[in-house]
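S.K.: This is the structure, below, for whatever I ask next.
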Amino acid sequence: MTERESVTLLGLDPTSGPLERRDDRTFSSRPESLDGAVLGLVANGLGQGETFLSAVYDELGSMAALNGAVSVLKSSVSVAPEPADWARLTSEASVAITGFGG
Amino acid sequence: MVNAERHEYPSYDALLDDYIERGWTDGLPVVPPSPEKVEQFLEAAGLNSDEVLGAVPTREVVVTAEHAAINAVMAGCRPEYMPVVVAAIRAHLHEKANCHSTTGTLSGASQIVIVNGPIRRELEINCEGACFGPGWRANATIGRALRLVIRNVCRAIPGFLDRASFSSPLRYSFCFGENEEASDWAPLHVERGHSADQSTATVHSTMTFVPCVDFTSRGPEEVCESWLGMLRRYGVFTDRFLGDGQNLVLVVGPEHQRYFLEAGWTKDDIRQHLWPRFQNPGPGDRPVMLGSPEGLLIVAAGGPGMAETWFMFPHLAWAITEPIQSIHTETGRR
């Protein structure tokens, strides 16, 4: 190793940590089929989001025997669903669909 | 004492290659953030490394002074810029500055830092000709430091939590000062309740940044009519989360400003003239959804020549103004 190569430069990690989760949370398992599923439809209020999600429900309903929907309209594009809406989704829906935009 | 993980490199080139490989830069070279330099920056701001500057709850992120210092070093800041960087981060992490939305949005909104008060001249933050462009170390590196924090600490990484379709070159860096000496107009920070000798940083998340060029108007009412045409074409939108606090920033160049000054118009006179006209959009006009005349923020800047005013249309956020804490103690620590 030359003298120049032996110089050690220290650099600090500028991040708030690894992007991978370090806790035990995981994604929910994906269902094999939507037969009998209750669909959570989470609209963020932008554009024709509710109409679009309703159409998605109809389309999925032509492929599987759905068992209804839990529709949630967020109070704002900038926030997560309200606690009561989370409770409805987690207790009543077996699958949830949402969109991203803004 | 800094706590971040340390990495050793045999050369600057090796460090730079590794930082780029890890996704820790904006694509441009960075200054190596050595522990000594980071300590120096913390000292300059009078902050302990673990002092919390803010958080992004939806991302489970807490931003500390150490994060700010590391990224400010990387951005090329001088230590004395650090208090401005800290104020800008605090402003951006205000709940209503809406970090999660404004840095994740498909629209590629950018964060603009406007500096007021004596520190502009002390740090040579450009407020005059070419103040939006390259060539000014303080402007370039303070704005870049905020964006590196947004990327590295707040995790707004393209393709991950930054979902911009095109993004924007304004996201490399955007910082300038108000030209407070150009007139007797009340500076932005004074209008927002700070004393004239208190320096501040205002952060405004901007979706659309466009000039209103008008060489023909010769009076304040005519210039206002040109502005109204632009405002009605783009509009200002809001949502329930933001309530009535949304802001629109107009940066008035000297060629337009002089018509107002010659007629004796203050910033508030401009707002009072424009406000009723916001309330009456015509067919095809987009609404200007500001909660009050004070939602319109008027800033003087730029150089002579072009008769223009620049519009900074918001992206679902309030413009937040934070005081810059100057250090006058022997140790630097507060």
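The values are calculated or read from the model by the stated rules, or taken from the named source; none is laboratory data. Keep in mind that what you see is a predicted model, and the values were worked out from it rather than measured. All Cβ positions, glycine included, derive from the backbone under ideal geometry; neighbour counts span all protein chains shown.
S.K.: When the residues of the stretch B:17-44 are filtered to those that are in contact with a Phe, Trp or Tyr (Cβ under 8 Å, 6 or more places away or on another chain) and part of a loop (DSSP other than H, G, I, E, B), which remaining residue is nearest to the other protein chains (Cβ to nearest Cβ)?
M.R.: The extreme case among them is B:Pro32.
S.K.: Something else: Quick one: would you say B:Pro83 is away from chain A (no Cβ under 11 Å), at pLDDT 95 or above, assigned to a helix (DSSP H, G or I) and touching a helix residue (DSSP H, G or I) at 6+ places or on another chain (Cβ under 7 Å)?
M.R.: Details: away from chain A (no Cβ under 11 Å): yes; at pLDDT 95 or above: yes; assigned to a helix (DSSP H, G or I): yes; touching a helix residue (DSSP H, G or I) at 6+ places or on another chain (Cβ under 7 Å): yes.
For B:Pro83, the condition - away from chain A (no Cβ under 11 Å), at pLDDT 95 or above, assigned to a helix (DSSP H, G or I) and touching a helix residue (DSSP H, G or I) at 6+ places or on another chain (Cβ under 7 Å) - is met.
S.K.: So, one more: Do we have any residue at all in the stretch B:268-276 that's touching a residue at least 12 places away in the same chain (Cβ under 8 Å) and in a loop (DSSP other than H, G, I, E, B)?
M.R.: no
S.K.: Condition (residue is surrounded by fewer than 24 Cβ atoms within 10 Å (Cβ to Cβ), more than 14 Å from every other protein chain (Cβ to nearest Cβ) and touching a Pro at 6+ places or on another chain (Cβ under 9 Å)) applied to the stretch B:143-166: is it met by at least one residue?
M.R.: no
S.K.: Right, here's the next one. Provide a single number: the residues in the stretch B:4-20 that are within 29 Å of the chain's Cα centre (by Cα) and exposed (fewer than 12 other Cβ atoms within 10 Å of the Cβ). Break it down stepwise before answering.
M.R.: Let us first name the residues in the stretch B:4-20 that are within 29 Å of the chain's Cα centre (by Cα), namely B:4, B:16, B:19-20.
Then keep just the ones that are exposed (fewer than 12 other Cβ atoms within 10 Å of the Cβ); that gives none.
Result for the stretch B:4-20: 0.
S.K.: Any idea which residue in the stretch B:1-18 is farthest from B:Ile142 (Cα to Cα), counting only those that are of a type outside the set (S, T, N, Q) and in contact (Cβ under 8 Å) with a residue 40 or more places away in the chain? Before you say what the answer is, go through the steps one by one.
M.R.: So the first thing to find is which residues in the stretch B:1-18 are of a type outside the set (S, T, N, Q), and the list is B:1-2, B:4-10, B:12-18.
From what is left, the residues that are in contact (Cβ under 8 Å) with a residue 40 or more places away in the chain are B:1-2, B:4.
Numbers: B:Met1: 23, B:Val2: 21, B:Ala4: 21 Å.
Step by step, filter the stretch B:1-18, then rank; the result is B:Met1.
S.K.: I've got another one for you. Restricting attention to the stretch A:13-55, which residues are β-branched (Val, Ile, Thr), more than 10 Å from every other protein chain (Cβ to nearest Cβ), under 23 Å from B:Thr105 (Cα atoms) and over 14 Å from the mean Cα position of the chain (by Cα)?
M.R.: Of all residues in the stretch A:13-55, those β-branched (Val, Ile, Thr) come to A:15, A:26, A:38, A:42, A:51.
Next, only the ones that are more than 10 Å from every other protein chain (Cβ to nearest Cβ) stay: A:26, A:38, A:42, A:51.
Cutting the leftovers down to under 23 Å from B:Thr105 (Cα atoms) gives us A:42, A:51.
The one that is β-branched (Val, Ile, Thr), more than 10 Å from every other protein chain (Cβ to nearest Cβ), under 23 Å from B:Thr105 (Cα atoms) and over 14 Å from the mean Cα position of the chain (by Cα): A:Thr51.
S.K.: Considering only residues that are in a loop (DSSP other than H, G, I, E, B) and crowded, with 17+ Cβ neighbours inside 10 Å, look in the stretch B:246-267 and name the one that is nearest to the other protein chains (Cβ to nearest Cβ).
M.R.: First, pick out the residues of the stretch B:246-267 that are in a loop (DSSP other than H, G, I, E, B): B:246-247, B:253, B:263-266.
Imposing the further condition that a residue be crowded, with 17+ Cβ neighbours inside 10 Å reduces the set to B:246-247, B:253, B:265.
Numbers: B:Gln246: 11, B:Asn247: 15, B:Gly253: 31, B:Trp265: 35 Å.
Among those that are in a loop (DSSP other than H, G, I, E, B) and crowded, with 17+ Cβ neighbours inside 10 Å, it is B:Gln246.
S.K.: In addition: Which of the residues that make up the stretch B:303-319 are part of a loop (DSSP other than H, G, I, E, B), within 19 Å of B:His256 (Cα to Cα) and either within 14 Å of chain A (Cβ to nearest Cβ) or aliphatic (A, V, I, L, M) (or both)? Spell out the reasoning first.
M.R.: Going residue by residue through the stretch B:303-319, those that are part of a loop (DSSP other than H, G, I, E, B) are B:303-307, B:315-319.
Narrowing further to those that are within 19 Å of B:His256 (Cα to Cα): B:303-307.
Within the stretch B:303-319, B:Met306, B:Ala307 qualify.
S.K.: Ok, one more. Would you say A:Pro18 is in contact with a Leu (Cβ under 8 Å, 6 or more places away or on another chain) and assigned to a loop (DSSP other than H, G, I, E, B)? Steps first, answer last, please.
M.R.: Working: in contact with a Leu (Cβ under 8 Å, 6 or more places away or on another chain): no; assigned to a loop (DSSP other than H, G, I, E, B): yes.
When the stated conditions are applied, A:Pro18 does not pass them.
S.K.: With the condition kept exactly as written, say whether any residue in the stretch B:191-209 is hydrophobic (A, V, I, L, M, F, W, C), touching a Cys at 6+ places or on another chain (Cβ under 8 Å) and over 21 Å from B:Pro134 (Cα atoms).
M.R.: Start the filter on the stretch B:191-209 by keeping residues that are hydrophobic (A, V, I, L, M, F, W, C), which leaves B:196, B:201, B:203, B:207, B:209.
Applying the additional criterion that residues be touching a Cys at 6+ places or on another chain (Cβ under 8 Å) yields none.
No, because not a single residue in the stretch B:191-209 is hydrophobic (A, V, I, L, M, F, W, C), touching a Cys at 6+ places or on another chain (Cβ under 8 Å) and over 21 Å from B:Pro134 (Cα atoms).
S.K.: Mind counting the residues in the stretch A:41-84 that are hydroxyl-bearing (Ser, Thr, Tyr), in contact (Cβ under 8 Å) with a residue 12 or more places away in the chain and more than 21 Å from B:Gly243 (Cβ to Cβ)?
M.R.: Going through the stretch A:41-84 one residue at a time, the tally reaches 3.
S.K.: Still on this structure, I have one more. Out of the stretch B:122-155, which residues are over 15 Å from the mean Cα position of the chain (by Cα) and assigned to a loop (DSSP other than H, G, I, E, B)?
M.R.: The initial filter retains those residues of the stretch B:122-155 that are over 15 Å from the mean Cα position of the chain (by Cα), namely B:122-124, B:128-130, B:134-137, B:151-155.
If the condition is that a residue be over 15 Å from the mean Cα position of the chain (by Cα) and assigned to a loop (DSSP other than H, G, I, E, B), then B:Leu123, B:Glu124, B:Glu128, B:Gly129, B:Ala130, B:Pro134, B:Gly135, B:Trp136, B:Val153, B:Cys154, B:Arg155 are the ones that fit.
S.K.: For the subset of the stretch B:45-67 comprising residues that are of a type in the set (A, V, I, L, M, F, W, C) and either in contact with a Phe, Trp or Tyr (Cβ under 8 Å, 6 or more places away or on another chain) or not in a helix (DSSP H, G or I) (or both), which member is farthest from the other protein chains (Cβ to nearest Cβ)?
M.R.: The residue in question is B:Leu47.
S.K.: Quick one: would you say B:Cys99 is touching a residue at least 24 places away in the same chain (Cβ under 8 Å) and surrounded by fewer than 24 Cβ atoms within 10 Å (Cβ to Cβ)? Walk me through how you get there before you give the answer.
M.R.: Working: touching a residue at least 24 places away in the same chain (Cβ under 8 Å): yes; surrounded by fewer than 24 Cβ atoms within 10 Å (Cβ to Cβ): no.
Answer is no for this residue.
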